[in-house]
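Notes to accompany the following structure.
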Amino acid sequence: MARNPRVIVIDQDQIARSEVQKMLALSGFAVLGEAGYGIEAVSLAKEAEPDIVVIAVEEPVVRALQTVEAVADLLPQSPVVAYSSIKDPASIRKAMLAGVSDYLITPVREEELVKSIYDVLAQEERKQARISGEVEEPLACGTVLTVFGAKGGIGKTTISTNLGTALVQKTGQSVVLVDLDTRFGDVAILMDIPVERSIADLALPEEEINREMLQDCLYTHNTGVTILPAPVRPTDWRSVHAGHIERVITLLAQTYDYVILDTPGTFNDIVARALELATLVLLVATVDMASLKDTLLAIDMLRSWNFPQDKIKLLINATNEASNVQPQEIKRMLGREVFWSIPYDRNISTATQLGMPVVVTKPTSKASESMVELAYALSGVPQKQEQQQKQGGKGLFSRILGTTTEEKAEVKEVKVELRDA
Ligand SMILES: Nc1ncnc2c1ncn2[C@@H]1O[C@H](COP(=O)(O)OP(=O)(O)OP(=O)(O)O)[C@@H](O)[C@H]1O
Ligand SMILES: [Mg+2]
């Protein structure tokens, strides 16, 4: 991607467009010019040939959209980002069809606009790479879940193993669990598997790491979860660096629906890479002041890296019975909503001793139910779908079409029509 992407701003409102122009210039973009709708916009686009076009979609909307179409035709490789005060879905859809790649509702914050521009530029780059055949390997499209926390002993491995099992057994997803605990990896202990080969056997020149080698280091647990264990001796981590981790995770994400990364209670370059590669970070904290303070520091650290905040999901795990912090207090302290809470459950330690996840040994326990629901929430698979279907409730198809069971006969007809079409 260009270091200082070149941009033009199109808006009928001169004051608004100079504000946008200033905002973009301050954020490091090379602003090549500004114009109103119509001929003026097209002439500027032709002359400037920018990397990206930022346009206001305001009344008269037909003119704005006509301008979007003209500019998109003229510069097919320069994406268009729109900002608008018009919020209704039909208008947004029309703008998308005219050629807008992203649509921001005003007032737009500077970081929101900047992120949108970089996102659509990255999307355009991927599109061009696909067109020119530069993308050789299949794209990694598994979801990488990094289970991270500011401390040790807060339940990261317990959550990783149980969530992995619930994702496989309840939602039918394929899961690989990678033990990135660079001190004493304990996934193998919690899942009771022998470790002969581990991630340390993949510490080779990155281009030499291939699927077959990776396959040799994977274990299939009887829960259905695949495991890439940590080496038994912590010293074996010395030969593993962040580049290996990236290669391994990318390969795994090409094959598995979910790649779960269990991290240690310390911070190092391997953990940093596990965070960078995450689709979602499950930020685990326990319900005590020390853990919450450390979690706040971790959030601040991620913010200082410009880590996308919407990727971080706060998960509160009650590892002991006594809880002296209220949920509102957690929200106030950490400045974010709690995404999930896992209750204290003594069945977890019994399960740990048996070397099996609690979702298997005691599926009706409080912690098991919470972790199964978490798996559903993260996978997007509707919970109790079968039960709902049996009871004639609203399933996915009826949700899309807005129909109920009584209207099932009609749904069948729609299905036929769609197939015929
Ligand atoms: N919700 C819970 N209820 C009861 N006990 C729990 C709960 N979650 C975790 N534990 C217990 O807390 C202890 C620490 O859990 P775990 O090993 O998963 O933490 P961790 O964050 O992975 O630690 P480390 O960073 O040292 O690897 C274990 O003994 C586990 O059984
Ligand atoms: Mg652990």
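Here is how the numbers come out for the structure above:
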{"quantity": "For the range 259-352, radius of gyration divided by Kirkwood radius, i.e. Rg to Rh on alpha-carbons", "calculated": "0.97"}
{"quantity": "Cα centroid separation - the range 160-179 against the range 315-373, whole Å", "calculated": "17"}
{"quantity": "Residue of Leu277, Leu252, Leu297 that the Gaussian network model of the chain assigns the largest fluctuation, springs spanning Cα pairs under 10 Å", "calculated": "Leu297"}
{"quantity": "Chain lengthening between Lys293 and Glu111 when straightened (0.36 nm per residue, less Cα-Cα)", "calculated": "62.9 nm"}
{"quantity": "Three-way shape call for the range 6-131 based on the alpha-carbon gyration tensor, with the a/c threshold at 1.5", "calculated": "rounded"}
{"quantity": "Spatial separation of Cα centroids for the range 198-228 and the range 267-296, in angstrom", "calculated": "25"}
{"quantity": "The chain: C-alpha pair distances exceeding 43 Å, %", "calculated": "27"}
{"quantity": "Global geometry of the range 252-311, whether rounded, prolate or oblate, following the gyration tensor of its Cα atoms and the 1.5 cut on a/c", "calculated": "prolate"}
{"quantity": "q = 0.09, 0.10, 0.16 Å⁻¹: log10 I(q)/I(0) that the Debye formula gives for the range 143-379, counting C-alpha atoms only", "calculated": "-0.34, -0.42, -1.13"}
{"quantity": "Cα-centre dipole for the range 6-131 with unit charges at Cβ (Lys and Arg positive, Asp and Glu negative), debye to 20", "calculated": "300"}
{"quantity": "Interatomic Cα distance distribution for the range 90-190, bins of 5 angstrom, percent", "calculated": "2, 9, 12, 12, 11, 10, 14, 15, 9, 4, 1, 0"}
{"quantity": "Proximal aspartates and glutamates to Lys170, defined as alpha-carbon separation beneath 16 angstrom and excluding residues fewer than eight positions away on the same chain", "calculated": "Asp257, Glu369, Glu373, Glu386"}
{"quantity": "Helical mean residue ellipticity (222 nm; -39500 (n - 2.57) per DSSP H run of 4+; nearest 500) of the chain", "calculated": "-13500 deg cm²/dmol"}
{"quantity": "Cα gyration tensor shape of the range 3-56, rounded if a/c is under 1.5, else prolate or oblate by comparing a/b with b/c", "calculated": "oblate"}
{"quantity": "Members of Lys115/Lys156; Lys22/Lys127; Lys311/Lys331; Lys94/Lys115; Lys127/Lys311; Lys87/Lys313 lying beyond 20 Å, as alpha-carbon distances in this model show", "calculated": "Lys115/Lys156; Lys22/Lys127; Lys94/Lys115; Lys127/Lys311; Lys87/Lys313"}
{"quantity": "Choice from Asn210, Asn162, Asn306 showing the highest fluctuation, given a GNM over the chain with Cα pairs closer than 10 Å", "calculated": "Asn306"}
{"quantity": "Highest-MSF residue in the chain out of Arg183, Arg346, Arg17 [GNM, Cα springs under 10 Å]", "calculated": "Arg17"}
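Read-outs: derived from the displayed coordinates by stated rules, not from any lab. Predicted model only: the values in this text are computed from it and were never measured. Here Cβ is always computed from backbone atoms with ideal geometry, including for glycine, and neighbour counts include all displayed protein chains.
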